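For reference, the structure discussed in these notes is given below.
The numbers here are math on the coordinates, done by the rules we state, and not lab data. Computed from a predicted model, the values in this text were never measured in an experiment. Here the Cβ positions follow ideal geometry from the backbone for every residue, glycine too, while neighbour counts run over all protein chains shown.
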Amino acid sequence: MFTVFLQFLFSGLTVGAVYALVGMGFNIIYNSTSIINMAQGEFVVIGGLLMWFFTESVKLPFFLAAGLTILSAGLVGLLMERLTIRPLKSADLLLMIMVTIAVSILMRGVLMFKFGKDPYTYAPFTEGEPFTVAGAVIQQQTLWVIGVTACCIVMLYIFFNKTMMGKAMRACAVDTTAAKLVGINVSRVVMISFVLSAMVGAIGGIAITPISLMEYDKGPMLAVKGFCAAIMGGLGRGRGAVIGGFAIGILESMTAGYLHSGMKDAVALVIMLAILFFRPAGLFGSVAMSRLRKF
Amino acid sequence: MNLKRSLLLGMTGVFAAGLFATTALAAPDTIKIGAIISVTGPASFLGEPEKNTLVMLQDQINKAGGIKGKNIQVIIEDSKSDETQAVLAAKKLLEKDNVIAIVGPSTTGESMALVPIMNAAKTPLVSCAAGAPITNPVGDREWIFKTPQYDTSAVEAIYTYMKKHGITKIGIITISTGFGDAGKKALQELAPKMGMTIVADEKYGPKDSDMTTQLTKIKAAGAQAVINWSVGPGQVVVTKNWHSLKMGIPLYHSHGWGSKKNIELAGKAAEGVIAPLGRLVVWDKLSDTHPQKALLKKFETDYKALYKSEPGTFGGHAYDSLMMVVEAIKAVGPDKKKIRDYVEGIKKMPGTGGIYNMSAKDHCGLDMSAFEMVIVKNGDWEILK
């Protein structure tokens, strides 16, 4: 019985790690702009597909391929911000969110032209048999996904708390006008937030593709789940998205395991709604602060 | 003003004469066959190889002298994977182009939408979609035929093979799309009739990335084998999870597994996976005397030479649908009623999907013998005896 439970838990952790990474990407942009970037899922897809391109098609060594993939994704994020978000700077927030939806559709189209509709995959980071813990099996790649997620969390924490740029971004999150008044270059902060969140998304894509495969239209599903993770933890809260992501992944897996697999999406969403019902600002958000924001 | 008017009149005249001339020229020499295919839209993965196949066959037939000296023209309409567009396309083909038969559509939904139209127009339709309701009940489907195998035939083939190997308790896992639901229904309906017990019945979404939980449940329920019913990346993820869990029970896939791409994606994990597949993917492993072999070889090599990709099962459906109509015209001439009667009477006709035996009661003409049970060994298919 315990083995089965552990197996469900491992499955939930695998899925949850991805949701957490996508959720964190949402938060980075939301914090400096209040925009909900609906193209967040596409960054993950770009990560997976470009990594395939660099390792399997161009045959570059692993680290070079990963570096190039992350840089390219950052560039896509930069272009997205400079070409679509910046020109509309004074526009309504809702309009900006619409623009991100348009960009996500555009990216899907381009990816489809370049990669077609077939799924892609490449070898896991380390070859070898899966580990067995008390009878339950955990794939090596799952550990990599969780490890990579953890690294991202730590690095983002250091960036936001210990570096000048990170502190400037947090200042923008609190109050853009005040940040401007103390001399922070808000436009650059917004740009960096897009680059950063595209990179985090791409890292997630690189890590999960050996497990889940990647195809051009996987983005929207990832975005929805990642958004749920961010909402559940409290939009804008770094650790909130992480805990939200893992919580949703584990909830889905447990529902599939102990109730029925047909109900897993529904139950996870119902529980999320229930949490928001009692804590409208999410698990870690503060109600007072969320009232100050438009979204 | 006057000049303008006379110019206009003159031009209209030329146009009309031109139009008249082309129709007058085309009418006696070409036999027009309509085709409604999902070239774009969500079902374009079906429509793409189907369209390619039709174009290739049309050129081949005409190059070989056509049918009794007459060229055929396959007029392909894109249904955009949409029922309404399919209906509009059918009306255009019937009323404007006066086609004598229609090949397609690519999906079950679109085919169902055309049933009343084709019956009213008394024109034969040979669908490229698999759903059983397209041709059943056959009483209301006088003019409707289809070439892909029934889902139930694939299930029958799996169950028959399992029974031979002493498997009676199975766990099923299906994708939550039309394909998966149809398979699930067939698996559930046939299980009691063939002495199978379904001990676990699991589902997953088309974009899910981990099915370990469902497989763990199936194993805990005491199943002797897993049957997965899906198309797309889901079947690869299930295969990988099945492999890493070391479940110790065999994994069976549906006839949607029949693409080398799946073996490539799943890698080592695909070893030992069993599926009922049409003979198109294993033609090189058939004995030379098999009636389908020569035809499959020619189709696959011609298609690959022309399009640099594999026709797959779906290209094969278009091949079978068009060739039935062509064979009928060869035998009885371009007459709608006679074509219908000929197709209904087809016996032992080899196609890509199997050997067709149509009858007044069966407008598909295939049963489980259309499938071979195929196992993955050393990264390649191998036919199980």
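Points worth noting:
- The simple spin-label model puts a point 7 Å past each Cα toward its Cβ; for B:Lys92 and B:Ala305 those points are separated by 3.3 nm.
- With N the number of residues in the stretch A:141-213, Rg(Cα) / (2.2 N^0.38 Å) evaluates to 1.35.
- Centroid-to-centroid separation of the stretch B:213-237 and the stretch A:19-82 [C-alpha atoms, Å]: 32 Å
- Residue (of A:Met254, B:Gln60, B:Pro133) at the positive-pole extreme of the protein assembly as shown, dipole from beta-carbon charges: A:Met254
- Karplus-derived 3J(HN,Hα), 6.51/-1.76/1.60, for each residue of the stretch B:145-152, Hz, glycine and proline x: 10, 8, 9, x, 5, 6, 4, 4
- Considering helices alone, the calculated mean residue ellipticity of chain B at 222 nm is -15000 deg cm²/dmol, with DSSP H runs of length four and up weighted by -39500 (n - 2.57) and normalised per residue.
- Taking every residue in A:254-261 and counting other chain Cβ atoms within 10 Å of its Cβ, the average works out to 5.
- Partner chain coverage, peptide A:130-136 - average Cβ within 10 angstrom: 1
- By the helix-only formula, in which each DSSP H run with n ≥ 4 contributes -39500 (n - 2.57) and the sum is divided by residues, chain A has a 222 nm mean residue ellipticity of -23500 deg cm²/dmol.
- The protein assembly as shown, dipole about Cα centre (Lys/Arg Cβ +1, Asp/Glu Cβ -1), debye to the nearest 20: 1120 debye
- Distance cut-off 48 Å, percentage of C-alpha pairs in the protein assembly as shown lying past it: 26 percent
- If R0 is taken as 25 Å, the Cβ-Cβ distance between A:Leu94 and A:Ala266 corresponds to a FRET efficiency of 0.35.
- Stretch gain in nm, segment B:Glu264-B:Thr197, where the contour uses 0.36 nm per residue and the Cα spacing is subtracted: 20.9 nm
- Expressed to the nearest 5 percent, the antiparallel share of DSSP beta bridges inside the protein assembly as shown is 35 percent.
- The residues neighbouring B:Ala223, those whose beta-carbon lies less than 12 Å from its own, together hold a net charge of +1 under the Lys/Arg +1, Asp/Glu -1 convention.
- Taking a span of 18 Å or more along the helix axis (Cα atoms) and a mean Kyte-Doolittle hydropathy of at least 1.6 as the rule, the DSSP H helices of chain A that qualify are A:62-80, A:93-115, A:186-212, A:264-278.
- Between the stretch A:112-183 and the stretch B:61-133, the C-alpha centres lie 51 angstrom from each other.
- Springs join every pair of Cα atoms under 10 Å in this Gaussian network model of chain A, and among A:Ser193, A:Ser11, A:Ser57 the largest mean-square fluctuation is at A:Ser57.
- Volume per residue of the convex hull around the Cα atoms, evaluated for the stretch B:131-204, comes out as 94 Å³.
- Taking label points 7 Å from Cα along the Cα-to-Cβ direction, B:Ala132 and A:Tyr258 give a separation of 3.7 nm.
- Whichever aspartates and glutamates have a C-alpha closer than 19 Å to that of B:Lys96, once near sequence neighbours (fewer than 8 apart) are set aside: B:Asp29, B:Glu77, B:Asp78, B:Asp335
- Dipole size of chain A about its Cα centre, with +1 on Lys/Arg Cβ and -1 on Asp/Glu Cβ: approximately 1100 debye, rounded to the nearest 20.
- Among the GluC sites (Glu not before Pro) found in the stretch A:45-146, those both in a DSSP coil and sparsely packed, with 15 or fewer other Cβ atoms within 10 Å of their Cβ, are A:Glu127.
- GNM result for chain A, Cα springs below 10 Å: residue of A:Ser72, A:Ser197, A:Ser261 fluctuating most strongly: A:Ser261
- Take each residue of peptide A:9-22, count the partner chain Cβ atoms within 10 Å of its Cβ, and average: the result is 2.
- Pairs from A:Lys117/B:Lys268; B:Lys91/B:Lys348; B:Lys169/B:Lys246; B:Lys92/B:Lys338; B:Lys304/B:Lys377; B:Lys92/B:Lys304 whose Cα-Cα separation, in the structure shown, is over 27 Å: B:Lys91/B:Lys348; B:Lys92/B:Lys304
- Projected label distance in nm at B:Lys348 and B:Ala294, using a 7 Å step from Cα toward the beta-carbon: 1.5 nm
- Considering only B:Phe179, B:Tyr204, B:Leu190, the residue lying farthest towards the positive end of the dipole of the stretch B:157-213 is B:Leu190, judged by Cα position with unit charges set on Cβ.
- Environment charge at B:Lys70 (Cβ cut-off 11 Å; Lys +1, Arg +1, Asp -1, Glu -1): +2
- Residue exposure proxy: A:Phe10, B:Phe179, A:Phe131, ordered by other Cβ atoms within 10 angstrom of their Cβ from fewest to most, comes out as A:Phe131, B:Phe179, A:Phe10.
- Degrees between helix B:83-95 axis and first principal axis of chain B (Cα, 0 to 90, nearest 10): 40 degrees
- Listed residue (A:Leu111, A:Ile271, A:Ala179) projecting farthest to the positive dipole end of chain A, Cβ model: A:Ala179
- More than 12 Å apart - percent of Cα-Cα pairs taken over the stretch B:335-384: 69 percent
- GNM flexibility winner over chain B from B:Asp78, B:Asp210, B:Asp320 (Cα, springs under 10 Å): B:Asp210
- FRET E, pair B:Gln60, B:Asp181, Förster distance 41 Å, beta-carbon r, rounded to 0.05: 0.65
- For the stretch A:2-291, the Kirkwood hydrodynamic radius comes to 19.4 Å, computed from all pairs of different C-alpha atoms.
- Environment charge at B:Ala89 (Cβ cut-off 12 Å; Lys +1, Arg +1, Asp -1, Glu -1): -3
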